[in-house]
Amino acid sequence: LKGNVILGEPRNLACLAKTWKGDGSSSKACLQEINENEGVLLTEKLKAVDYEYREEVHWTKCQGLLGTGSFGEVYKMEDKQTGFQCAAKKVQVEHFRAEELTTCAGVTHAKVLPLYGAVKEGLWVTIFMKLMEGGSLGQLLKQCGYLPEDRALDYLSQTLEALEYLHAHNVLHGDVKADNVLLSGDRSHAVLCDFGHAAQLHPDGIRNCLTTGDYVPGTETHLAPEIVMGKHCDFKVDVWSSCCMMLHLLNGYHPWTQYYNHPLCLKIAKEPPPLREIPPSCHPSTVQVITSGLEKEPTKRASAAELRMKTCKALKQDLILNSLSQPFSLEEQEQMLSC
Ligand SMILES: N#Cc1cccc(-c2csc(Nc3cc(F)ccc3O)n2)c1
């Protein structure tokens, strides 16, 4: 069995990933394809052996399912040689989008989940990422129902930090939601993950239409009006989604779902923004944040950078007014005030 798995650089992974386009699953699924093993590992902690990196041979899943990502399930895995553990998402080749890797391969930012590499083995692509002990924000929400206002603001602020960086690098995430925000063990740090719906926008500012080509829209309840109307889209679609996530964090349910049945896209296009879903208990500065991010007209909508500033101001207001009631550690309060 020959393999072609190397220790390499993000750019090597980005160009190899483009050859993994889904059409391999058509006529070319010959025997050679089934046993093919190629990829790029970006860290020494994952070690290929004689250019091979195969499941059960060089790495193995440990414990159960961590979660479900876009187009594939996520497992905790262990490298058999080094004992290093990380997260791994297995995607069938025909559902694999090269953008999942090309958009985030070269990205290093404190609020974006680090990529450790990706390997194709037969008809499967496995993507390796840093393990986040705290699980996803979506899982935290399922456990505790909904979040207090300042915790929600803090996670929104960290998500907007990631979006600010990605947008500055012409990357649109495309599926911002609580399930794609992962937490550190103590749940104080949040990182954005899962670039399965990401797109690289051309910096010349011409807005792209996301409903053409192989683009698969993100989560319906979080889709911006311009996407459901098939209009040209830009980074502002992520800002809209981040405020849909904020409503989800505060209420414990996705926007629109308490008022309408599926398909929701017609309502998202026709109805005013779901501002009535902002809890009445929210501080005016928090209302202002969500209102600025849920502007239907993208040109009027706040950018990720602008919304992060507003979120930080709201946090400071909230913290000062509520500092006694929230059981935040002093370190956490300092972290929030520093944002
Ligand atoms: N660690 C971890 C962990 C725990 C729970 C959910 C997730 C999760 C949700 S989407 C997600 N995507 C993802 C995970 C990978 F390992 C590699 C590529 C991915 O797109 N992961 C990760």
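The values are calculated or read from the model by the stated rules, or taken from the named source; none is laboratory data. Just so we're clear, the structure is a prediction, and the values are computed from it rather than from any experiment. Note that each Cβ is placed from the backbone with ideal geometry, even for glycine, and that neighbours are counted across all protein chains shown.
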Within region 138-146, is even one residue at pLDDT 95 or above, out of contact with any Cys (no Cβ under 7 Å at 6 or more places or on another chain) and of a type in the set (Phe, Trp, Tyr)? yes
Just to be sure before I move on: is Ser242 at negative phi and either in contact with a Ser or Thr (Cβ under 7 Å, 6 or more places away or on another chain) or not small (Gly, Ala, Ser) (or both) in the structure I sent? yes
For region 82-123 the number of residues that are part of a strand (DSSP E or B) and within 13 Å of the ligand (Cβ to nearest atom) is 13
Determine if region 40-61 includes at least one residue that is modelled with pLDDT of 95 or more, out of contact with any helix residue (DSSP H, G or I) (no Cβ under 7 Å at 6 or more places or on another chain) and within 12 Å of the ligand (Cβ to nearest atom). yes
Taking the residues in region 32-46 that are in contact (Cβ under 8 Å) with a residue 40 or more places away in the chain and surrounded by fewer than 21 Cβ atoms within 10 Å (Cβ to Cβ) as candidates, determine which candidate is nearest to Leu16 (Cα to Cα). Glu38
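Determine, yes or no, whether Lys231 is among the charged types (D, E, K, R) and more than 21 Å from His202 (Cβ to Cβ).
In short, no.
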Selection within region 124-143 - more than 10 Å from the ligand (Cβ to nearest atom) and closer than 30 Å to Glu306 by Cβ: Leu140, Leu141
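Taking the condition of being part of a loop (DSSP other than H, G, I, E, B) and of a type in the set (D, E, K, R), how many residues in region 249-284 meet it?
So the count comes out to 1.
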Can you tell me which residue within region 63-93, out of those that are modelled with pLDDT under 95 and farther than 26 Å from Val216 by Cβ, is surrounded by the fewest Cβ atoms within 10 Å (Cβ to Cβ)? Gly64
Would you be able to say whether some residue in region 148-168 is more than 28 Å from Gln317 (Cα to Cα), β-branched (Val, Ile, Thr), more than 11 Å from the ligand (Cβ to nearest atom) and not in a loop (DSSP other than H, G, I, E, B)? no
How do the pairs read when you match residues in region 190-202 that are on the phi < 0 side of the Ramachandran plot with residues anywhere that are basic (Lys, Arg) and near the ligand (Cβ under 10 Å from one of its atoms), using Cβ under 9 Å and keeping only pairs 6 or more apart or on different chains? Val191/Lys130; Cys193/Lys130; Gly196/Lys89
